[in-house]
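Input: a single structure, listed below in structure tokens.
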Amino acid sequence: MKKFMLMLVSFLLLMVVTACGGNGDEEASGESGETYTLQAGHSLPEDHPYHLGFLEMAKNVEERTDGRVKIEVFPNSEIGAERELTEGMTLGTVDLVVSSTAPVTNFVPELAVLDVPFIFNDRDSAVKVLEGDVGKTLFSKMEEEGIIGLSWGENGYRHVTNSVRPIEKPADLEGLKIRTQENEIHLAAFEALGAQPTPMAWTEALTALQQGVVDAQENPAIVVDQFKLYENQKYMTLTGHVYSVAVYMMSKQTYDKLPEDLREIVMEEGKKVGAKEREMIVEMEKESLQTVKDEGMEIIEDVDTKPFQEAVKPVYEQIEHQDLLNQILDAQ
Ligand code: PAF
């Protein structure tokens, strides 16, 4: 009996030592079997490409990590509006975000160059710039602020909608109360156009539009359609004044806490998602334009954008990072 007890104790001791011993490499490579649940947030509905992109990324990541990394996607600003989400990434309280770049500029000032009105000749030129040196420089600036840029997506071309009158020329904007994003360049541009801009988060903008606190807003057709803005906005002018870049991002703190092999998979999938999201936006844009027309919105399509471009030209001088601005202009 004594001998049996001795053997049992030795066996149990061996088990404990093996369990605690853990090979350092295994831990570092994520082979310990630890699982991670990441929270991804954005401000748009579940049928918007921001969300569909994240769902696809989540599916691929979960498959490729054998379920060790799960991504939960929260739409409609459920875990914060774009500025709050961005701040959350810098603090490590939010793991993944897709946002238009305008509010991210409050944390990474260099991004302001992307939100300058009429800065890109067209969509293809924008993508070329973003996938080139400028995009790389901006990602490195983001990383300095604790945000890893995964890939560039798009929100779409921003157009002005309002409840007062058809806008055909800058003078028609005179005195209109317009909600803008929380971005100094957008604010300055609408001031230069003679409107009365008020910056606010998208969540607040929806209430302000419903209650008539503001007359106008500016966003791509898909957003106008998905949030049924035609219910209080009669007119939409296809100004296309900003090609609204979106960016898929991850908190640096999340990146650091993931074991190397899992991190690699998340990064690889994150790098792919932007281009897929852009494709979906291009496909959906025409449909949304048709929907808002069918819903009775008056669309001002053949807009001469030259006078708008002239009016916002002084805003170019306000850009702090003129070197980046010139790099964008020279690359097109
Ligand atoms: O206007 C905004 O705040 C943004 O365009 C939106 C609708 C949140 C999408 O990024």
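The values are calculated or read from the model by the stated rules, or taken from the named source; none is laboratory data. This one's a predicted model, so the numbers in the text were calculated from it and none came from an experiment. In this analysis, Cβ positions are derived from the backbone assuming ideal geometry, glycine residues included, and neighbour counts consider all displayed protein chains. Ligands, DNA and RNA are stripped out before the accessible areas are found, and what is left, the full protein with its side chains, is counted by its heavy atoms. Shrake-Rupley method; radii C 1.70, N 1.55, O 1.52, S 1.80 Å.
Under a model in which nothing but the beta-carbon of Lys, Arg (+1) and Asp, Glu (-1) is charged, the chain shows a dipole of about 680 debye around its Cα centre. Based on the reciprocal of the average 1/r between different C-alpha atoms, the Kirkwood radius for the stretch 190-332 equals 18.6 Å. If one takes the longest principal axis of the Cα atoms in the chain, at what angle in degrees, from 0 to 90 and to the nearest 10, does the Cα axis of helix 82-91 lie? Long axis of 82-91 versus the principal axis of the chain: about 30 degrees.
With all protein chains present and a 1.4 Å probe, how do 299, 79 order by accessible area, largest first? The partial results should precede the final answer.
Numbers: 299 30, 79 55 Å².
So, going from the largest accessible area down, we get 79, 299.
Placing unit charges on each Cβ (+1 for Lys and Arg, -1 for Asp and Glu) gives the chain a dipole about its Cα centre, and among 242, 254, 49 the Cα reaching farthest toward its positive end belongs to 254. Shown in residue order for the stretch 123-140 are the 3J(HN,Hα) couplings computed by the Karplus curve 6.51 cos²θ - 1.76 cosθ + 1.60 at θ = phi - 60°: 4, 4, 5, 4, 4, 4, 5, 5, 7, x, 4, 4, x, 5, 4, 5, 4, 6 Hz (x for Gly and Pro). Taking 7 Å steps out from each Cα toward its Cβ at residue 121 and residue 257 produces label points 4.5 nm apart.
Taking the alpha carbon gyration tensor of the stretch 252-332, what are the square roots of 5 times its eigenvalues, largest first, to the nearest whole Å? Don't skip to the end; give the middle numbers.
Working: eigenvalues 260, 141, 25 Å².
For the stretch 252-332, the ellipsoid semi-axes come out as 36, 27, 11 Å.
Can you give the extra length, in nm with one decimal, that the chain gains between residue 91 and residue 232 once fully stretched, where that is 0.36 nm per residue apart less the Cα-Cα distance?
Working: separation 141, 0.36 × 141 = 50.76 nm, distance 3.72 nm.
Between residue 91 and residue 232, full extension yields 47.0 nm more.
Calculate the FRET efficiency for residue 309 and residue 287 from the Cβ-Cβ distance with a Förster distance of 25 Å, rounded to the nearest 0.05.
Values: r = 28 Å, r/R0 = 1.13.
For R0 = 25 Å, the calculated efficiency reads 0.35.
Solvent-accessible surface (1.4 Å probe) assigned to residue 329 amounts to roughly 70 Å².
Taking Cα atoms only, the orientation of helix 260-294 departs from the longest principal axis of the chain by about 30 degrees. Once all protein chains are placed together, residue 141 keeps about 60 Å² accessible to a 1.4 angstrom probe. Near residue 303, once Lys and Arg are set to +1 and Asp and Glu to -1 for all other residues with Cβ below 15 Å from its Cβ, the sum equals -4.
Based on DSSP H runs of at least 4 residues, each adding -39500 (n - 2.57), what is the mean residue ellipticity at 222 nm of the chain after dividing by all its residues, to the nearest 500 deg cm²/dmol? List each step's numbers first, then the result.
Values: 14 runs with 162 residues, N = 332.
For the chain, the value works out to -15000 deg cm²/dmol.
In the full protein context, the stretch 36-330 carries 41 Å² of accessible surface per residue, based on a 1.4 Å probe and ignoring ligands, DNA and RNA.
Across the stretch 36-330, C-alpha contacts under 8 Å between residues 6 or more apart give a mean separation that, scaled by the residue count, equals a relative contact order of 27 percent. Seen from all directions on average, the chain presents a Cα convex hull projection of 20.1 nm².
Given a 1.4 angstrom probe, I'd like the percentage of the accessible area of the chain that is carbon and sulfur, rounded to a whole number.
Values: 7700 of 15410 Å².
Roughly 50 percent, rounded to a whole number.
Tell me, what does the Kirkwood hydrodynamic radius of the stretch 72-221 come to in angstroms if you use every pair of distinct C-alpha atoms? Taking the inverse mean of 1/r over all distinct Cα pairs, the stretch 72-221 comes out at 16.5 Å. Computed from label points 7 Å out along Cα-Cβ, the spacing between residue 144 and residue 294 is 4.9 nm.
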